[in-house]
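Visitor: Before anything else, here's the structure in question.
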Amino acid sequence: MKDIGFKMMTFLMIFLVPISVLADPITTDPTNPSTGDTTIPSTPEVPSTGDNTNPTPDISDNNNQSNSQNNSDNAGDVIYQQNQNTSRSTNANLGSLKVDGVDIAINNEMYATTGNENPSIVAIPSSDKASIKIDKPEKFVYGDNIVTITITAENFYVVKTYTLHLKLVSTDATLKNLKIDGKKVKISDKTEYRTDKKKISIEAVTNNKNATVSFENADNLKLGKNKVIVRVTAEDGVTVKEYIINVTRVKHLIGDVGVTVTVNGEKADFKDYKSKIIYIDNEVNKLNIKYKLSDKYAEIDLKYDKKIEVGDKEITFTVTAENGKKQEYVLNIHRFSIFEEILASGIGVCIMGAVAVLIFFIAKKIIKEKKHRIYKVKL
């Protein structure tokens, strides 16, 4: 029985194996409809390039293949693979782009300007089924900044790249320095200035070198008050700041260079614009100098170190009159040392003692003479 069973199994194997091979359906090329029933491969085939690696529909793989695929000059880099899934969209176009709310014309290379250090960039694909990626700098710098916009179609095989050149410009419209007729003046929204000229020369330096400056009413000044405008336009061309200079034109400018000065409460006595020595006690180590100009339109250039050392000290300052006349003054100051104060105190005591002795003898003499006169009268 065992021999009969074994022979039957051998017979069936020999007979059935060829039949199963003949019954297996043939897989054919789906592009050839003449072969009857076909089975479509689950993944699209790529033309052979000598590499047996089978690609998968992944965006990163598509990016790696972009160096060897065809590039489109009109719509950015395009990646396309044959036998793509035709049931999905191949639209990878950029539909719209806005920078800080301003529409930008769509092109492969786009250019825009902004004064915003953190600009808003809104990009929308033409197809709502496409995906988009925006690569931009972590921090925008003044000048050209590159923003890359990559759109991947729904079928994952078509990818387009757009480049946005975004120039960041300054919105600074402030002044750094201001000179009128070569004279530096304090910068403020409203500056007062007096002159006897019909025309003033203005030099304005901006904090941002790319800002521009223009002037109004600086020529043909009339007698009395004139409103001169210094207008600064920032690099962005939009931001504008105005500085007003109230110019008073007079017939003659005042030439008074007089000044009154006090040092630690003691008035300085000037002779030929040099003061007599002003003495400071040893325990005082700081100076407090106050002044009052004879003419309110004059100016004083007084700079000094408030800390004073023992000994002599000279402080020189200049008073400039309204008409440009200048006068230099010198303050002579002396701070006592401890020894000088002790010596001065001793001398003072001696002087006081000598004065007291002198007064005593004078008084004694007067009393003696008075008694003598009384004695004579009694006789």
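Rule-based calculations on the coordinates, nothing more; no lab input. On a predicted model such as this, the values are computed, not experimentally measured, just so you know. Please note: Cβ atoms are built from the backbone with ideal geometry, for glycine as well, and neighbour counts cover all protein chains shown.
Visitor: Report the percentage of all Cα-Cα pairs in the range 141-200 whose separation exceeds 15 Å, rounded to a whole percent.
Guide: For the range 141-200, the share of Cα pairs beyond 15 Å comes to 72 percent.
Visitor: Next up: Subtracting the Cα-Cα distance from 0.36 nm times the residue separation, let me have the gained length for Lys190 to Gln327 in nm, one decimal.
Guide: Full-extension gain reported as 46.4 nm.
Visitor: Through the Karplus equation 6.51 cos²θ - 1.76 cosθ + 1.60, θ set to phi - 60°, convert the phi angles of the range 226-233 into ³J(HN,Hα) values in whole Hz; use x for Gly and Pro.
Guide: So the Karplus estimates, Gly and Pro as x, are 9, 9, 9, 10, 9, 10, 10, 10 Hz.
Visitor: Quick check for me: using +1 on Lys/Arg Cβ and -1 on Asp/Glu Cβ, what's the dipole size of the range 175-249 about its Cα centre, in debye to the nearest 20? Kindly include the intermediate steps, with their values, before the conclusion.
Guide: Details: 17 positive and 10 negative charges, 84 e Å.
Charge dipole, the range 175-249, about its Cα centre: 400 debye, nearest 20.
Visitor: A further question on this structure: Principal axes first, then extents: for the Cα atoms of the range 205-280, list largest minus smallest coordinate on each axis, whole Å, largest first.
Guide: Principal-axis extents of the Cα atoms in the range 205-280, largest first: 60, 34, 18 Å.
Visitor: Sticking with this structure for a sec: Local charge sum around Asn118 (other residues, Cβ-Cβ under 13 Å, Lys/Arg +1, Asp/Glu -1)?
Guide: For residues surrounding Asn118, the net value is -1.
Visitor: Using a basic spin-label model with each label point 7 Å from the Cα along Cα→Cβ, how many nm lie between Asp128 and Ser294?
Guide: 8.6 nm
Visitor: Please give me the summed charge of the neighbours of Gly265: other residues whose Cβ is under 13 Å from its Cβ, Lys and Arg +1, Asp and Glu -1.
Guide: Net local charge, Gly265 excluded: +1.
Visitor: Hey, another quick one. With a 10 Å radius around each residue's Cβ, average the other Cβ atoms per peptide and rank 194-200, 87-93, highest first.
Guide: Numbers: 194-200: 14.3, 87-93: 16.9.
Ranked by mean Cβ neighbours within 10 Å, highest first: 87-93, 194-200.
Visitor: Considering only DSSP states other than H, G, I, E and B, which GluC sites (Glu not before Pro) in the range 205-283 qualify as loop sites with at most 11 other Cβ atoms within 10 Å?
Guide: Loop-located and lightly packed - Glu283.
Visitor: Quick one: net charge of Thr212's neighbours, Cβ under 11 Å, K/R +1, D/E -1?
Guide: +1
Visitor: Okay, moving on. In whole Å, what is the distance between the alpha-carbon centres of the range 288-321 and the range 157-179?
Guide: Taking the Cα centre of each part, the range 288-321 and the range 157-179 sit 49 Å apart.
Visitor: What does the extension gain come out to for Lys274 and Thr171, with contour length at 0.36 nm per residue minus their alpha carbon separation? Don't skip to the end; give the middle numbers.
Guide: Details: separation 103, 0.36 × 103 = 37.08 nm, distance 5.11 nm.
Result: 32.0 nm gained on full extension.
Visitor: Another question about this same structure. May I ask you to work out the translational diffusion coefficient for the range 175-249 at 25 °C, viscosity 0.890 mPa s, via Stokes-Einstein with Rh from the Kirkwood sum over Cα pairs, reported in whole µm²/s?
Guide: Numbers: Rh = 12.6 Å.
This corresponds to a translational diffusion coefficient of 195 µm²/s.
Visitor: If packing is taken as the mean number of other Cβ atoms within 10 Å per residue, what is the order of 302-308, 334-340, highest first?
Guide: The packing order, highest mean first, is 334-340, 302-308.
Visitor: Would you kindly calculate the translational diffusion coefficient of the range 147-296, applying Stokes-Einstein with the Kirkwood radius from alpha carbon pairs, for 37 °C and a viscosity of 0.692 mPa s, and quote it in µm² s⁻¹ without decimals?
Guide: 157 µm²/s
Visitor: Can you tell me how much longer the chain between Asp301 and Glu341 gets when fully stretched, taken as 0.36 nm per residue apart minus their C-alpha distance, in nm with one decimal? Let's see the in-between values first.
Guide: Values: separation 40, 0.36 × 40 = 14.40 nm, distance 3.33 nm.
Going from the current span to full extension adds 11.1 nm.
Visitor: Another question about this same structure. Give the distance, in whole Å, between the Cα centre of the range 250-276 and the Cα centre of the range 191-207.
Guide: The two parts, judged by their Cα centres, are 27 Å apart.
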